[in-house]
1. Among the polar types (S, T, N, Q) and in contact with a Pro (Cβ under 9 Å, 6 or more places away or on another chain): which single residue out of THR84, THR32 fits that description?
2. Anything in the stretch 44-59 that is open to solvent by less than 20 Å² (accessible area, probe 1.4 Å) and not acidic (Asp, Glu)? List them, or say none.
3. Please identify the pairs in which a residue from the stretch 141-161 that is in contact (Cβ under 8 Å) with a residue 60 or more places away in the chain has its Cβ atom under 7 Å from the Cβ atom of a residue that is in a helix (DSSP H, G or I) and polar (S, T, N, Q), counting only partners at least 6 apart or on another chain.
4. Those residues that are assigned to a helix (DSSP H, G or I), open to solvent by 60 Å² or more (accessible area, probe 1.4 Å) and either touching a Gly at 6+ places or on another chain (Cβ under 6 Å) or not aromatic (Phe, Trp, Tyr) (or both), I need them from the stretch 193-212; list them, please.
5. So for the stretch 17-40 (the condition being crowded, with 23+ Cβ neighbours inside 10 Å, more than 26 Å from THR136 (Cβ to Cβ) and of a type in the set (D, E, K, R)), does at least one residue qualify?
6. So LYS131 ticks every box in (1) more than 26 Å from GLY51 (Cβ to Cβ); (2) of a type in the set (Lys, Arg); (3) modelled with pLDDT of 95 or more but one. Which box is left unticked?
7. Of all residues in the stretch 83-130, count the ones that are surrounded by fewer than 23 Cβ atoms within 10 Å (Cβ to Cβ) and in contact with a strand residue (DSSP E or B) (Cβ under 6 Å, 6 or more places away or on another chain).
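The values are calculated or read from the model by the stated rules, or taken from the named source; none is laboratory data. Note that this is a predicted model, so its numbers are computed, not measured. Neighbour counts run over all protein chains shown; Cβ positions are idealised from the backbone, glycine included. In case anyone asks, the SASA skips ligands and DNA or RNA and just uses the protein heavy atoms, side chains included. Shrake-Rupley method; radii C 1.70, N 1.55, O 1.52, S 1.80 Å.
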Amino acid sequence: MQHVEHMRTAVRLARYALDHDETPVACIFVHTPSGQLMAYGMNDTNKSLTGIAHAEFMGIDQIKAMLGSRGVVDVFKDTTLYVTVEPCIMCASALKQLGIGKVVFGCGNERFGGNGTVLSVNHDTCTLAPKNNTATGYESVPGVLRREAIMLLRYFYVRQNEKAPKPRSKSDRVLDRNTFPPMEWSKYLDEKSFIENFGEDYKKFYVNNADLFSNSVDWNLIESGHDNIIQELDEQCKLFKFNVHKKCKV
């Protein structure tokens with residue numbers, strides 16, 4: 001399934017972020033018609049000491065540098081964002097205002113989620129989409145590699161973070177590798193949308209609030225190092241940029 005393959009890439013990048021002392025949240029932007037990677041981002045809040053340096057904004061900046069401010073809006077309607085953790089309210093609003101086509105995420109953001117956990121910014125009537133975009137919001141699909149995304153966050157939150165505004169001792173925290181909260185699909189999409197994305201055969205997972213595909217975790221994916229991921233992603237982004245410029249010259 002295409003959603004899973006793209007999310008695996010985002011999870012690998014999140015692991016890279018964790019290995020470089022950042023919050024393990026990462027994303028990739030995919031050109032939906034071609035399936036090509038356009039841009040990527042991972043949290044940069046620790047390094048930059050900037051609270052708004054979220055993965056989504058890092059990716060948006062890459063697209064802006066490639067296509068210009070107007071180009072971001074022009075291409076976003078044909079773009080799917082794959083992000084390991086549900087966009088926060090701030091990022092969800094930015095994505096809507098830029099006219100993103102679809103968002104696919106791993107686990108919910110229990111404190112700041114903007115795609116259904118706390119607020120449904122993607123479907124509200126307060127945040128406006130671009131004037132030339134007939135869509136009134138964007139579809140958000142949760143639960144893809146959810147347990148892997150949760151575990152990366154757990155790895156981070158049992159570590160010491162000396163760059164936190166108020167560093168806390170975490171010596172008494174125990175890593176939970178076995179229990180996971182139910183997947184509450186109806187918070188984010190209705191049964192019809194679920195079936196459109198995953199197929200009729202998976203309907204039982206929606207009804208039972210269960211994780212897709214397996215109750216296990218791909219430990220190899222989240223416990224392996226992925227030091228080559230940046231080079232891989234840069235090469236894919238260059239290919240997309242080349243194809244865009246080639247079309248512009250025709």
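1. THR84
2. Result: ASN46, ALA53, ALA55, GLY59.
3. VAL141/ASN197
4. Taking the stretch 193-212 as the starting set, the residues that turn out to be assigned to a helix (DSSP H, G or I) are 193-198, 200-207.
Going one step further and asking which of them are open to solvent by 60 Å² or more (accessible area, probe 1.4 Å), we end up with 196, 200-204, 207.
Passing the criteria: GLU196, GLU200, ASP201, LYS203, LYS204, VAL207.
5. Yes, the stretch 17-40 contains at least one residue that is crowded, with 23+ Cβ neighbours inside 10 Å, more than 26 Å from THR136 (Cβ to Cβ) and of a type in the set (D, E, K, R).
6. It is condition (3) that LYS131 fails.
7. Qualifying residue count for the region: 4.
To keep it simple, each residue is scored yes or no on (1) charged (D, E, K, R); (2) open to solvent by less than 90 Å² (accessible area, probe 1.4 Å); (3) modelled with pLDDT of 95 or more; (4) not in a loop (DSSP other than H, G, I, E, B).
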| residue | (1), (2), (3), (4) |
| --- | --- |
| LYS163 | yes, no, no, no |
| ASP172 | yes, no, no, no |
| LEU175 | no, yes, no, no |
| THR179 | no, yes, no, no |
| MET183 | no, yes, yes, no |
